[in-house]
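The values are calculated or read from the model by the stated rules, or taken from the named source; none is laboratory data. In this text, all values refer to a predicted model and were calculated from it rather than measured experimentally. Cβ placement follows ideal geometry from the backbone for every residue including glycine, while neighbour counts extend to all protein chains displayed. Accessible surface is based on the protein model in full, side chains and every heavy atom, while ligands, DNA and RNA are left aside. Shrake-Rupley method; radii C 1.70, N 1.55, O 1.52, S 1.80 Å.
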Amino acid sequence: MKRGFYTIMAAQFFSSLADNALFVSAVELLKTSGAPKWQPAALVPMFALFYVVLAPFVGAFADARPKGQVMFASNAIKIVGCLMMLFGSHPLMSYAIVGLGAAAYSPAKYGILTELLPASQLVKANGWIEGLTISSIILGVLLGGQLVGHSVSRLLLSFDFPMIDTGIDTAPEAAISALILLYIIAAWFNTRIPNTGVEMRPMPRNKLELLPDFWNCNAALWRDKLGQISLATTTLFWGVSGNLRYIVLAWSAAALGYSTTQASSLVGVVAIGTAVGAVLASMRMRLDQAAKVMPLGIAMGVLVILMNFISNVWVAAPFLILLGGLGGFLVVPMNALLQHRGHNLMGSGRSIAVQNFNEQACILSLGAFYSLSTGMGLSAFGAITAFGVVVVSFMWLIQRWHKSNCLKYKEQLDHLLSIARSDNHHG
């Protein structure tokens, strides 16, 4: 791997670490303030909101400026969201601003991989970035759980600044203030990311011109016989995984009687499995073999449903590791294939923005459904069953779709797979 790749990994790790710790802190902030039950569940779709709304613009912005500068500005927006949460804004609105920063960050984070590396290294690079991202989820969720726990929060609240009243009086507020430091560290790494030398694509003077351009890019990926399968798979995977993070917290409380701090450890357990699966996929899979992992998606859906029958933590831990492992092995080659097709069709930043739009729209839709269902009295067990059925059904349909393509468009698919096997066609 090129030297700049590891700087990108470090920046991504600290930014994602803070994102996930902030999620747990925001959940606890809403709980301790007596917010209705639907509001903590609504954190997930609120984070996804700007991914969907600004998708036509953030991809073009990432292609118009050096990726390191885009990532630095995005981290600054996340810090603004944290400060809003600390000083009076509603946590849902503040968390949406953090989501705005994440929406701008993502096209640059993934887009720079296709600028820096050849196609033959994309699966390995995705294994690295997903492995580190999942590691940051593990540590971030655990860190958030500890920061809002009694021991650490008491230590943080004991710090006092002479003649300054910060207004930080609760455990979640102390946790959020500490997490700002992690975003600052990530921003410093952003300043060390090298310029890849790829020609910038200026944004048009009239930004509304980006809307038809974005929809053309979106249509191009959905028409592509490999792009459509990888996009459908990753959209479904992230739609479910994005909400599963909160559902595991709710399930832990219902099935095991866990507090937020205790339940955060089980979210970390899922992430451990995902990291292992991601690393194994990066070692075992090639770009042209990505479609072979689709049956794992069906198995993942079945395991989600089986969660309802677990009431013992010693059974839950290995079960959740297996669930995460299947997801990690599924998403890494599919992500790499999608990035490869998108880079060849429209450019890296725009293709990642299209990917984010579809994935986050799925997170937003499923999250809104879960939040609404919670407000109407649906239990965590009912939500888990519904999510599992969705995964199994849609993964089966996607698999049938690909088999149909293999019969109807065999020559076209053979050509696209030959491109995936060669670095000469990438760039």
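Inclusion of L221 among residues that are modelled with pLDDT of 75 or more, open to solvent by less than 40 Å² (accessible area, probe 1.4 Å) and within 21 Å of F72 (Cβ to Cβ) is not warranted.
Per the conditions (1) open to solvent by less than 50 Å² (accessible area, probe 1.4 Å); (2) touching a helix residue (DSSP H, G or I) at 6+ places or on another chain (Cβ under 6 Å), the sole criterion not satisfied by A64 is (2).
Here L43, L92, L83, L30 are screened, and the one residue that is part of a helix (DSSP H, G or I) and surrounded by fewer than 19 Cβ atoms within 10 Å (Cβ to Cβ) is L83.
Could you list, in sequence order, all residues of segment 227-242 that are among the aliphatic types (A, V, I, L, M) and open to solvent by less than 10 Å² (accessible area, probe 1.4 Å)? Don't jump to the end; show me each part of the working.
To start, the set of residues in segment 227-242 that are among the aliphatic types (A, V, I, L, M) comprises 229, 231-232, 236, 240.
Passing the criteria: I229, L231, V240.
Testing M300 on (1) in contact (Cβ under 8 Å) with a residue 12 or more places away in the chain; (2) farther than 28 Å from L226 by Cβ; (3) open to solvent by 10 Å² or more (accessible area, probe 1.4 Å), one condition comes back false. Which one is that? Every condition holds for M300 apart from (2).
Quick one: which residue in S282, S311, S259, S265 is open to solvent by 10 Å² or more (accessible area, probe 1.4 Å), within 24 Å of L416 (Cβ to Cβ) and of a type in the set (S, T, Y)? None of the other options fit; the residue is S282.
In this structure, Q339 does satisfy being crowded, with 17+ Cβ neighbours inside 10 Å and either of a type in the set (S, T, N, Q) or not in a helix (DSSP H, G or I) (or both).
Let's see how each residue does on (1) in contact with a helix residue (DSSP H, G or I) (Cβ under 7 Å, 6 or more places away or on another chain); (2) aliphatic (A, V, I, L, M); (3) open to solvent by less than 60 Å² (accessible area, probe 1.4 Å):
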site: L364; (1), (2), (3): yes, yes, yes
site: G375; (1), (2), (3): yes, no, yes
site: G382; (1), (2), (3): no, no, yes
site: A386; (1), (2), (3): no, yes, yes
site: V391; (1), (2), (3): yes, yes, yes
site: F394; (1), (2), (3): yes, no, no
site: S404; (1), (2), (3): no, no, yes
site: L407; (1), (2), (3): no, yes, no
site: Q412; (1), (2), (3): no, no, no
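Listed conditions (1) surrounded by 24 or more Cβ atoms within 10 Å (Cβ to Cβ); (2) under 30 Å from S418 (Cα atoms); (3) aliphatic (A, V, I, L, M) are all met by M71, apart from (2). The C-beta contact set for segment 387-411 (first residue without any contact (Cβ under 8 Å) to a residue 12 or more places away in the chain, second residue open to solvent by 40 Å² or more (accessible area, probe 1.4 Å), distance under 8 angstrom, 6+ apart or interchain) is empty. All of (1) part of a helix (DSSP H, G or I); (2) out of contact with any Leu (no Cβ under 8 Å at 6 or more places or on another chain); (3) at pLDDT below 90 hold for G101 with one exception: (3).
Once segment 158-184 is narrowed to residues that are aliphatic (A, V, I, L, M) and over 15 Å from L22 (Cα atoms), the residue that is modelled with the lowest pLDDT is M163. State all residues of segment 270-292 that are closer than 30 Å to A380 by Cα, touching a residue at least 60 places away in the same chain (Cβ under 8 Å) and among the hydrophobic types (A, V, I, L, M, F, W, C); if no residue qualifies, say none. The answer is A271, I272, A275, A278. Would you be able to say whether some residue in segment 324-335 is modelled with pLDDT of 80 or more, open to solvent by 40 Å² or more (accessible area, probe 1.4 Å) and more than 15 Å from S241 (Cβ to Cβ)? No, segment 324-335 contains no residue that is modelled with pLDDT of 80 or more, open to solvent by 40 Å² or more (accessible area, probe 1.4 Å) and more than 15 Å from S241 (Cβ to Cβ).
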